[in-house]
1. Place a +1 charge on the Cβ of each Lys and Arg in chain B and a -1 charge on the Cβ of each Asp and Glu, then give the dipole magnitude about the Cα centre in debye, rounded to the nearest 20.
2. What list of ³J(HN,Hα) couplings, whole Hz, do you get for the stretch B:106-119 from phi and the Karplus terms 6.51, -1.76, 1.60, once you set θ to phi - 60° and write x for glycine and proline?
3. Enter the accessible area of B:His42 (Å², nearest 10), with the probe set to 1.4 Å and all protein chains included.
4. Can you give the charge dipole size of the stretch A:22-100 about its Cα centre, rounded to the nearest 20 debye, using +1 on the beta carbon of Lys and Arg and -1 on the beta carbon of Asp and Glu?
5. Eigenvalues of the Cα gyration tensor times 5, then square-rooted: what semi-axes does that give for the stretch C:29-79, in whole angstrom, largest first?
6. Let me cross-check A:Ile87: its accessible surface, 1.4 Å probe, with only protein heavy atoms counted, in Å² to the nearest 10?
7. Straight-line reach from B:Lys129: which lysines have a Cα under 17 Å away, not including same-chain ones fewer than 8 places off?
8. Let me understand the protein assembly as shown better: what is its radius of gyration from the alpha carbons, and its Dmax, in angstrom?
Amino acid sequence: MTREFTIRTTKRCEFVDITGLVRDGVRKSGVSEGIVVVYCPHTTAGITINENADPSVVADIDRKLSTLVEHDDPAYTHMEGNSDSHIKSSLIGPSQTLIVKDGAPLLGTWQGVYFVEFDGPRTRKLYIKVVEG
Amino acid sequence: MTREFTIRTTKRCEFVDITGLVRDGVRKSGVSEGIVVVYCPHTTAGITINENADPSVVADIDRKLSTLVEHDDPAYTHMEGNSDSHIKSSLIGPSQTLIVKDGAPLLGTWQGVYFVEFDGPRTRKLYIKVVEG
Amino acid sequence: MTREFTIRTTKRCEFVDITGLVRDGVRKSGVSEGIVVVYCPHTTAGITINENADPSVVADIDRKLSTLVEHDDPAYTHMEGNSDSHIKSSLIGPSQTLIVKDGAPLLGTWQGVYFVEFDGPRTRKLYIKVVEG
């Protein structure tokens, strides 16, 4: 079964902590050992795993990404004005695969899972698929 | 079963849409629910998922990657002249994992799967592995 | 079963070849066909796949990453002085998923798997999970 979730973002660029949601999805699957794929079906957003404690970490990731891949670059040819969002999506990636152990995602002490919005605010979808094994 | 495909690229940097090929691979596996790993066994190419409609999007991704990771940088020490291709490969990644639902890869409306060539033109291999679950 | 390994890094930034370890983990699992997830439970390190022959390749990846994401940037707000390590971790990613075929990870001729340290030297953990299918 693939579980679908709705994420509402409030800014153009935003890191939304979805760790609890992933944990719930794994628990509800009833699977004890396996893997879980966290998948973003959008081309101007992504999924990453990074520090869950100090919010300055994701703020710094956000800022550096926006410096490397600026919003307005005269070289962009895509007419919708969100080429930066698409580029960041391919750099961060549309999904993460985690190990499931003892009925929970196996995360490091400081790891949280983030839905990363690069072209919000929008209402987004997120898929979670647990595979036993 | 792992399915192997051949991709022929025609330029040094090129985004080859392999969405149909991934869809076919999943269909032929006969698997209805699970995941599919799309894997590139090369170190100067990668796999990404991004917009499938307006080709200016992947053109902008290609251009920005080549601005960030220039072809000729006097700091490169690898003698084959393709350090940029290797760096881009690690940034984009050698594979993507998609969810399989109702016998097809679960892609967003605007998502396509791309084999990304960073050191072509070449004849490349691509592996697709479907896991039921 | 999830296998856990310890990696000792000796420099701030370092590419540690873990291909043999992944191969051993897959062999010991007894699984012939499936996938393997190689997972780093840290937020200042990652996993990548790139050239296994000429060490100048990973040296060039390391150098370019450190040029794009500099260690000291006055814009960083995270007080631990390792924002660059966190940013690189999200760019490279915390895991890689490989196909398992004939009891071994299906790697290209020139592909090796690397644990990438971005904030060493440290003692790190690494998880390997094989899923049959």
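1. Working: 15 positive and 18 negative charges, 100 e Å.
So the dipole magnitude of chain B works out to roughly 480 debye.
2. For the stretch B:106-119, the Karplus-derived couplings read 7, 9, x, 3, 9, 8, x, 9, 10, 7, 10, 7, 10, 8 Hz, x marking Gly and Pro.
3. 40 Å²
4. Values: 6 positive and 11 negative charges, 86 e Å.
In total the dipole reaches around 420 debye.
5. Values: eigenvalues 191, 69, 8 Å².
The equivalent ellipsoid of the stretch C:29-79 has semi-axes of 31, 19, 6 Å.
6. 0 Å²
7. Within the straight-line cut-off, B:Lys129 pairs with A:Lys129, B:Lys28, B:Lys101, C:Lys101, C:Lys129.
8. Values for the protein assembly as shown (Cα only, Rg and Dmax): 19.1, 54 Å.
The values are calculated or read from the model by the stated rules, or taken from the named source; none is laboratory data. Nothing here was measured: the structure is a model prediction, and the numbers come from that model. Don't worry about glycine lacking a Cβ; one is built from the backbone with ideal geometry, like all the others, and counts go over all protein chains shown. Please note that ligands, DNA and RNA were not included when accessible areas were found on the heavy atoms of the full protein model with its side chains. Shrake-Rupley method; radii C 1.70, N 1.55, O 1.52, S 1.80 Å.
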